[in-house]
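Q: My questions will all concern the structure given below.
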Amino acid sequence: MAFVVSASAPGKLFVAGEYAVLSGAPALVAAVDRRALVRLAVDDRPGPLAVHSLAEGVRVPALALDAPLPGGDAGALVAALRAAGGGLAGRRTEATVDTRGFLADGRKLGLGRSAATLAAAASAFLALAGRDGAVLEVALAANALFQDGRGSGADVAAAVHGGLVEATPRAGGVAVVPRRLPAGLRLLAGWTGEAAPTAPLLARFERAAARRPAVLDALGAAAHAAAAAVAAGDAGELLAAVDRSADLLVRLGEALDLPIVTPALARLVATARRAGAAAKPSGAGAGDCGIALATSAAQAAAVEEGWRAAGIVPLGLTIDEAGARADVGGEEAARA
């Protein structure tokens with residue numbers, strides 16, 4: 001008997017709370033409509049797990065599940081399998097991972113590719129095992145394996161739940177509250193064209209943050225203010241908190257000698273502000289992308305026009321309300 005499991009999960013944008021969330025503050029994270037796709041073709045014949053990454057153009061024909069985790073899409077898939085407690089039982093499995101929507105010309109956009117892949121893979125393995133309701137727990141455990149325990153898991157929470165979430169680290173997990181942007185606000189994303197690996201930056205932050213600069217507390221206060229504004233539906237307070245966060249991220253980078261806000265990200269923020277919008281980097285920084293919150297269609301258009309003129313690529317993203325999901329098919333699906 002052969003089965004196919006198809007699963008997907010969305011990427012993310014940090015609206016507020018990056019770095020502060022690592023100290024226990026809430027993060028506002030929006031799931032966006034770039035999805036990681038995972039397909040498992042499993043049959044009852046004994047055999048290895050093979051993984052084909054379409055984004056990386058690599059096929060690993062036989063993964064040793066007890067070996068050190070590989071990098072990239074294959075590593076995320078195996079981390080999810082381990083966190084789910086196995087489930088393949090030695091059955092021959094062909095896994096295909098498609099994360100091409102998270103890249104542009106082979107460079108990462110900064111939309112949470114790993115988190116989306118982990119969430120999709122966790123959903124796929126749990127569906128294969130007939131287990132429901134544990135996707136976030138398994139995806140967070142997989143994230144800890146894949147990222148060597150680094151990161152808040154807020155991006156994973158957005159990938160699992162979809163929509164806009166308020167995510168706060170708790171002992172053993174992440175507390176998640178569904179939210180919505182205040183009425184009238186439009187979320188925009190722009191890409192700097194500079195790809196920045198997140199893991200090395202988080203490692204540097206961990207070492208440097210032991211000095212606990214005062215700006216980190218101020219960034220946490222801004223994150224709390226942003227979360228409270230969204231809970232109250234207060235657009236003005238959210239815009240103010242986002243703008244304040246942008247300036248605080250510059251100061252945090254200076255205090256810890258981290259390249260959080262690059263010249264391109266500073267240009268992204270300044271350009272959006274000239275159009276009247278609030279803006280900030282999204283995620284760990286050092287490149288990748290940033291966000292803007294506009295109060296009208298005309299303002300949003302002005303931001304994107306300004307970004308193009310400044311060498312920033314508007315990504316045309318929308319909030320994806322659908323979180324991680326999986327479907328299981330039978331023999332006909334396996335042959336398709």
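The values are calculated or read from the model by the stated rules, or taken from the named source; none is laboratory data. Keep in mind it's a predicted model, so treat the numbers as computed, not measured. Please note: Cβ atoms are built from the backbone with ideal geometry, for glycine as well, and neighbour counts cover all protein chains shown. For accessibility, only protein heavy atoms count, side chains too; no ligands or nucleic acids. Shrake-Rupley method; radii C 1.70, N 1.55, O 1.52, S 1.80 Å.
Q: Can you pull out the strands (runs of 3 or more DSSP E) entirely within the range 1-89 that have at least 1 residues that are closer than 30 Å to Lys280 by Cα and small (Gly, Ala, Ser)?
A: Those strands (runs of 3 or more DSSP E) span 2-16, 27-46.
Q: Please count how many residues of the range 276-316 are touching a helix residue (DSSP H, G or I) at 6+ places or on another chain (Cβ under 6 Å), under 12 Å from Gly190 (Cβ atoms) and open to solvent by 10 Å² or more (accessible area, probe 1.4 Å).
A: Summing the residues that are touching a helix residue (DSSP H, G or I) at 6+ places or on another chain (Cβ under 6 Å), under 12 Å from Gly190 (Cβ atoms) and open to solvent by 10 Å² or more (accessible area, probe 1.4 Å) in the range 276-316 gives 3.
Q: Identify the residue in the range 89-109 that is open to solvent by 10 Å² or more (accessible area, probe 1.4 Å) and in contact with a strand residue (DSSP E or B) (Cβ under 7 Å, 6 or more places away or on another chain) and, among all such residues, is modelled with the lowest pLDDT.
A: Gly90
Q: Name the pairs: first residue in the range 259-279 and farther than 23 Å from Ser296 by Cα and touching a residue at least 24 places away in the same chain (Cβ under 8 Å), second residue open to solvent by less than 10 Å² (accessible area, probe 1.4 Å) and assigned to a strand (DSSP E or B), Cβ to Cβ under 7 Å, at least 6 apart or on different chains?
A: Ile260/Pro281; Val261/Pro281
Q: Restricting attention to the range 1-25, which residues are surrounded by 20 or more Cβ atoms within 10 Å (Cβ to Cβ), farther than 23 Å from Val135 by Cβ and not aliphatic (A, V, I, L, M)?
A: Of everything in the range 1-25, those that are surrounded by 20 or more Cβ atoms within 10 Å (Cβ to Cβ), farther than 23 Å from Val135 by Cβ and not aliphatic (A, V, I, L, M) turn out to be Glu18, Tyr19.
Q: Restrict the check to the range 158-165 and report whether at least one residue is under 20 Å from Ala27 (Cβ atoms) and in a strand (DSSP E or B).
A: yes
Q: So, in the range 231-270, of the ones that are in a helix (DSSP H, G or I), among the aliphatic types (A, V, I, L, M) and in contact with a helix residue (DSSP H, G or I) (Cβ under 6 Å, 6 or more places away or on another chain), which residue ends up most open to solvent (accessible area, probe 1.4 Å)?
A: So, considering only residues that are in a helix (DSSP H, G or I), among the aliphatic types (A, V, I, L, M) and in contact with a helix residue (DSSP H, G or I) (Cβ under 6 Å, 6 or more places away or on another chain), the one most open to solvent (accessible area, probe 1.4 Å) is Ala255.
Q: Okay, moving on. Every residue in the range 271-292 that is more than 20 Å from the chain's Cα centre (by Cα) and either closer than 21 Å to Ala104 by Cα or not in a strand (DSSP E or B) (or both), please.
A: Matches in the range 271-292: Thr271, Ala272, Arg273, Arg274, Ala275, Gly276, Ala277.
Q: Filter the range 170-222 for residues that are part of a helix (DSSP H, G or I) and closer than 30 Å to Gly72 by Cβ and give the result.
A: Hits for the range 170-222 are Thr198, Ala199, Pro200, Leu201, Leu202, Ala203, Arg204, Phe205, Glu206, Arg207, Ala208, Ala209.
Q: State yes or no: is Leu188 within 12 Å of Leu252 (Cβ to Cβ), surrounded by 21 or more Cβ atoms within 10 Å (Cβ to Cβ) and at pLDDT 85 or above?
A: Spelling it out, it is not the case that Leu188 is within 12 Å of Leu252 (Cβ to Cβ), surrounded by 21 or more Cβ atoms within 10 Å (Cβ to Cβ) and at pLDDT 85 or above.
Q: Among the residues of the range 90-121, count how many are more than 28 Å from Gly316 (Cα to Cα) and of a type outside the set (Ser, Thr, Tyr).
A: So the count comes out to 5.
Q: For the condition open to solvent by less than 10 Å² (accessible area, probe 1.4 Å) and either at positive phi or of a type in the set (A, V, I, L, M, F, W, C) (or both), what is the one hit in Ala227, Ala214?
A: Ala227
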